[in-house]
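Everything on this sheet refers to the single structure shown next.
The values are calculated or read from the model by the stated rules, or taken from the named source; none is laboratory data. All values derive from a computational prediction rather than experimental measurement. Please note: Cβ atoms are built from the backbone with ideal geometry, for glycine as well, and neighbour counts cover all protein chains shown. Remember, those area values only see protein heavy atoms, side chains included, never the ligands or the DNA or RNA. Shrake-Rupley method; radii C 1.70, N 1.55, O 1.52, S 1.80 Å.
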Amino acid sequence: MVFSIKHIFSLVSVLFLSASLTTSVSVQENFAKCLSVNSKLSIPISTIYTNNSSSFTSILQSSAQNLRYLVPSVPKPEIIFTPLTEFQVQAAVICARKLGIHVRVRSGGHDYEGVSYVSEIESPFIILDLARLRSISVDIRSSSAWVQAGATIGEVYYRIAEKSKVHGFPAGLCTTLGIGGHITGGAYGSMMRKFGLGADNVIDARIVDANGRILDRKAMGEDLFWAIRGGGGGSFGIILSWKIKLVRVPATVTVFTVTRTLEQGATKLLYRWQQVADKLDENLFIRVLIQPVNGSQRGKRTIATSYNALFLGSANRLLQVTKKSFPELNLTGKDCIETSWIKSVLYITGFPSNTTPEVLLEAKSSRKVYFKAKSDFVQKPIPETVLEGLWKRFLQEDNPLTIWNPYGGMMSKISESATPFPHRKGTLFKIQYLTAWFDGNKNQQKHINWIRKMYKYMGPYVSSSPRAAYVNYRDLDLGMNKKNHTSINQAKMWGAKYYKDNFNRLVNVKTKFDPSNFFRHEQSIPPLSVKS
């Protein structure tokens, strides 16, 4: 379905400014007038927040996860617009384009480097916050659901489980993720080895393109539909909603967490996990969370490795699988918890055991910290001696965390070019590194320097040519676009890491559908040349 540009322009009188938009007043007044000049648009005053609004700061901070990008020194938007309908999103794009206002788009606010709500390369800018677009329509008969971009993964899981105990969706482990941006980066989770990524299970979408048109899959064509399912957010258009394919899950699944410290043989066990994790039964997902903990000696820390798992089946069957393929874990029946799929979501996310699924409807996370993260993909086991060097570095930092996620199974069966997400066959596991702190800017550089040195240390033992990275763990250390100009060669510095050879196709799609580079940020896909 396509909504006519002429229809929008007949409803919205576009204001051409005689002078450049150099003041907050000019940006705010002209954008608001452009949106609301025609009563048919019905733009409530409560959807437009300026920096003079009493709710401006709370709205800005509402879903932002990284406190690094909320400090006073970081640029703030002139306006936050929270549309209530697709039509209002469409009008906002047309107004912003005609008025020359730079737009950042936020669905869940989890962007690691804050590019969905901060612009450090150009101003003024506005935020188009999709938090009020959160409708979810589940159709069990067709095993599908239409989900608006502002809905969280937790809300999606809850609404599916509300309709069926044997259906689910293979996406993120953090339930406050906004589904709009989550799927644009790929969207992995605890069922990825069985069903692939969230992006692999999308069957339609609705977007607003750079010309202000609302397009579904048929109208946008297969090239653009390919690009938005893993090509990163903020490059090709504004995701309004996804049509997702539901998957069948057992009525009973099994979860467990087994922890081993260095004194309990953690290093040797982790080396063994690297050899088997991608080859296990595809119904079994065992990730490893690694962090310093207090040791048995007072004042001395050690490293704990926690094997956190979901098995799509019974505990008895799980014990058979681990006994055959990973006996070193010494998993016992006492370690296993049989539960429903929806309660396994709560378990893997880390909620207390007595938590009810209704907590998934609480869309905002209370876990806001200052943090810096990086990622790697691993294609051969990391030697024990290297792990020991990693532990030494971890014990030097206050609050480091690394999470190792297994690949294999369905992830090895899908072609690297099926979607822009290329990290498929040959990947044993993915590493996420993270350091968090709580004292603001005071010691920020110390923590960032630590993670950069640790990342350098790991370089020889992870993927190379390129050293791959996950776009949903965005890392501006890999390179940034420049204001109004970025060459393809410059962008390839980070683009090849996120997308491998798919980067070139993404550039071609961008050039075709957004040649003027209207949708842009520090690591957006650039067109071959900017055309006004």
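Each row is one residue, and each column tells you yes or no for (1) in the same structural domain as residue 178 (by the TED database); (2) assigned to a helix (DSSP H, G or I); (3) open to solvent by less than 20 Å² (accessible area, probe 1.4 Å); (4) not charged (D, E, K, R).
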position	(1), (2), (3), (4)
200	yes, yes, no, no
218	yes, yes, no, no
258	no, no, yes, yes
263	no, yes, no, no
280	no, no, yes, yes
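Of the candidates 244, 290, 286, the single residue that is open to solvent by less than 20 Å² (accessible area, probe 1.4 Å), in the same structural domain as residue 218 (by the TED database) and not in a loop (DSSP other than H, G, I, E, B) is 244.
Note on segment 43-95: residues that are without any contact (Cβ under 8 Å) to a residue 60 or more places away in the chain, in a loop (DSSP other than H, G, I, E, B) and open to solvent by less than 20 Å² (accessible area, probe 1.4 Å) amount to 4. Checking 121, 101 one by one, the residue that is farther than 23 Å from residue 148 by Cα, outside the structural domain of residue 146 (by the TED database) and open to solvent by 20 Å² or more (accessible area, probe 1.4 Å) is 121 and no other. Using the structure shown, decide if residue 413 is open to solvent by 20 Å² or more (accessible area, probe 1.4 Å), charged (D, E, K, R) and at pLDDT below 95. So residue 413 does not fit the description; no.
In the set (1) at pLDDT below 95; (2) open to solvent by less than 10 Å² (accessible area, probe 1.4 Å), the condition left unmet by residue 352 is number (2). Within the set 462, 369, 378, 345, the sole residue that is of a type in the set (Val, Ile, Thr), surrounded by 16 or more Cβ atoms within 10 Å (Cβ to Cβ) and over 26 Å from residue 256 (Cβ atoms) turns out to be 462.
Set side by side, the residues 173, 224, 246, 215 differ, and just one is among the hydrophobic types (A, V, I, L, M, F, W, C) and modelled with pLDDT under 95, which is 173.
How many residues does segment 473-498 contain that are more than 17 Å from the chain's Cα centre (by Cα), assigned to a loop (DSSP other than H, G, I, E, B) and within 22 Å of residue 118 (Cα to Cα)? Looking only at that region, the number is 6. Within segment 419-472, being of a type outside the set (D, E, K, R), under 21 Å from residue 68 (Cβ atoms) and in a loop (DSSP other than H, G, I, E, B) holds for 438, 440, 441, 443, 469, 470. For segment 157-179, the condition holds for at least one residue, the condition being that it is under 29 Å from residue 96 (Cα atoms) and open to solvent by less than 10 Å² (accessible area, probe 1.4 Å). Of all residues in segment 499-514, those satisfying the criterion of being farther than 17 Å from residue 421 by Cβ and assigned to a helix (DSSP H, G or I) are 508, 511, 512, 513. Consider only pairs whose beta carbons are under 6 Å apart and that are at least six residues apart or on different chains; among these, list those whose first residue lies in segment 317-341 and is modelled with pLDDT of 95 or more and whose second residue is open to solvent by 20 Å² or more (accessible area, probe 1.4 Å) and among the basic types (Lys, Arg). Note: pairs meeting the criteria are 328/272. Exactly one residue out of 428, 434 is over 22 Å from residue 109 (Cα atoms) and either open to solvent by less than 20 Å² (accessible area, probe 1.4 Å) or in the same structural domain as residue 398 (by the TED database) (or both): that is 428.
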